[in-house]
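J.: Quick one: this structure, given as C-alpha cells, is what I'll be asking you about.
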Amino acid sequence: MTPNHLFSTLESHHNWLITTHKGPDGDAVGSVVAWAAYAAQCGKNYLIVFPDQPAAYLCPFLEGYNWKVFAADQTYSGDLLFALDYNSSSRVGEVMSAWFDNQTLPKVMLDHHPNPADFVQIPISIPTACSTTEVIYHVLEDLGQLERINLAMAKGLYLGLMTDTGSFRFPSVSAYTHQMTAHLLSLGLAQHEIHEAVYDVNSVTRLQLRGYAIAEKLQLHPAQRLGIMSLSKEELKRFAYQKGDTEGLVNVILSIEGYDAGVFMMETEEGVKFSFRSKGQRFVNAFAQAHFNGGGHQYAAGGFYAGSLKDALAKLESLIDQI
Ligand code: 5GP
Ligand code: MN
C-alpha cells in the first residue's frame, strides 16, 4: 500500500516542512506532532507550518515543537513538503495554497479524506482509516518503523485517534484502531491526561455559549430527523467566543433520539461556516460539496456560504429535503 519510493524519499531528505489544514483540529495537530516527533527520531530538521493559529486547547500539545503560523511575506525552506490531514491544497486557505502550489520541492500527502485531489507527487490516502494519525501508523508499519514510536509520537497519534473518532465511538473505529491504541498505551501513554487536556478545559463562557445554543438556537425538523443550530457574530461576542468553543456542538443534535443529521452554522467576518454531521444511512459530504462549497467525510463535513447568516439559513431551509 505504501509506495516503496516513500522510504527512499524520507531517507534522502533532511529538512521537512510539515503542514496541515486551516482551522486545525485534534487530528491535524496530532498528526503534525507525531510526524515532527518522528522527524526528530530520524535525526531530521523539521518545521511545522500552520495556515492559521491553532485553538488554545491544542497549543499545549505543541510545546517544545518548532512551529509557525504561515505568513505570505516569510520564506520557509525545506527539501520535502508534507500535507497532513487534508486532500486538496484549497484546504490550507487561499494565501497558503498559492504558496503550497508554487513549491517545487517533492510533496507527500498523508490523509484519510475521500477523493483526494491530484496535488502532490506521493499521495497516501486511506479513506477507511479513522484518522490521519491512523494513516501515519499504517505507513510506519509498512515501512518497518513501528519500533521508532516513542512517547512523544504516541501522544500525537492518540490525540488524532481520540478526537476524530468521538472518543472511539464512530463506525470508522476498527480492530486495527484498538490494536494501535494498545501499542500506544504499552509505551506508557497516560490517555486520561490527553482526554482531560482536550475535554476538561471548558471556560464558563464556553459552557454558557453551548447551553444558549442548545436552549435558544436549536431548530428541530422532526419530519427530516434533522436539527439546525446557528450562532451570529453578535451572539458569539456576547459569550466571549474563542476559537474552538463550538467544536463538537453539532454532535449534540445527533444525540437526540430519532435524529440522524445535524447542521451547525456560525457567522464569521468572511461569511458563514457550516458543520454537517450524520449517522446511519445518511451521508452529508455530497450535500456540503454540492451546495456549500465544502466536502469532507460521509458523516462529518464542512462548508461555507459567502453571505449573511440569514441568507445562509434561508438557502439551507430551501434544501432541507435533500440533506
Ligand atoms: P468541521 O465541521 O469539524 O469543521 O469539519 C468536519 C469535516 O469536514 C472535516 O474533518 C473536513 O474533513 C471537512 N471539511 C470542513 N470544512 C471543509 C471545507 O471547507 N471543504 C472541504 N472539502 N471539507 C471540509
Ligand atoms: Mn482527520
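J.: What ranking of S186, S131 comes out by heavy-atom accessible area, probe 1.4 Å, highest first?
T.: Ranked from most to least accessible, the order is S186, S131.
J.: Can you give me the convex hull volume of the Cα atoms of the range 216-318, divided per residue and expressed in Å³?
T.: Dividing the Cα hull volume of the range 216-318 by its residues yields 100 Å³.
J.: Would you kindly find the accessible area of E235, with a 1.4 Å probe and non-protein molecules such as ligands, DNA and RNA excluded, rounding to the nearest 10 Å²?
T.: 20
J.: Carbon and sulfur: what percent of the chain's accessible surface (1.4 Å probe)?
T.: The nonpolar share, carbon plus sulfur, comes to 50 percent.
J.: Further question on the same structure: What accessible area, in Å² to the nearest ten, does a 1.4 Å probe give for R206?
T.: Roll a 1.4 Å probe over it and R206 shows about 30 Å².
J.: If you consider only alpha-carbon coordinates, what radius of gyration and Dmax does the chain have, in Å?
T.: Looking at the chain, its Cα Rg and Dmax stand at 19.6, 58 Å.
J.: May I ask for the distance between the Cα centers of the range 209-279 and the range 157-176, given as a whole number of Å?
T.: 23
J.: Mind ordering 251-260, 71-80, 18-27, 302-311 by average Cβ neighbours within 10 Å, highest first?
T.: The packing order, highest mean first, is 18-27, 302-311, 251-260, 71-80.
J.: Calculate how large, on average over all directions, the projected area of the Cα convex hull of the range 169-279 is; give the answer in nm² to one decimal.
T.: Reported value for the Cα convex hull: 8.8 nm².
J.: Accessible surface of E269 in the full protein assembly, 1.4 angstrom probe, to the nearest 10 Å²?
T.: Accessible area of E269: about 150 Å².
J.: Give the cross-link partners of K237 among the aspartates and glutamates, using a straight C-alpha distance below 17 Å as the criterion and excluding same-chain residues fewer than 8 apart.
T.: E216, D245, E247, E267, E269, E270
J.: Something else: At 1.4 Å probe size, put H192, H297 in order of accessible surface, largest to smallest.
T.: Putting H192, H297 in descending order of accessible area: H192, H297.
J.: In addition: Which order do W35, W99, W67 take by accessible area at a 1.4 Å probe, largest first?
T.: W67, W99, W35
J.: Next question. Lysines within cross-link reach of K233: Cα-Cα under 30 Å, excluding same-chain residues under 8 positions apart?
T.: Filter leaves K22, K68, K217, K243, K273, K279, K310, K315.
J.: How big is the range 1-56 on each of its three principal axes, counting only the C-alpha atoms and giving the largest first in Å?
T.: Principal axes ranked by extent give 36, 26, 16 Å for the Cα atoms.
The values are calculated or read from the model by the stated rules, or taken from the named source; none is laboratory data. It should be emphasised that the depicted structure is a prediction, and the values quoted were computed from it without experimental measurement. Counting neighbours? That spans all protein chains shown, and the Cβs are built from the backbone with ideal geometry, glycine included. Surface accessibility is based on the protein's heavy atoms, side chains included, excluding ligands, DNA and RNA. Shrake-Rupley method; radii C 1.70, N 1.55, O 1.52, S 1.80 Å.
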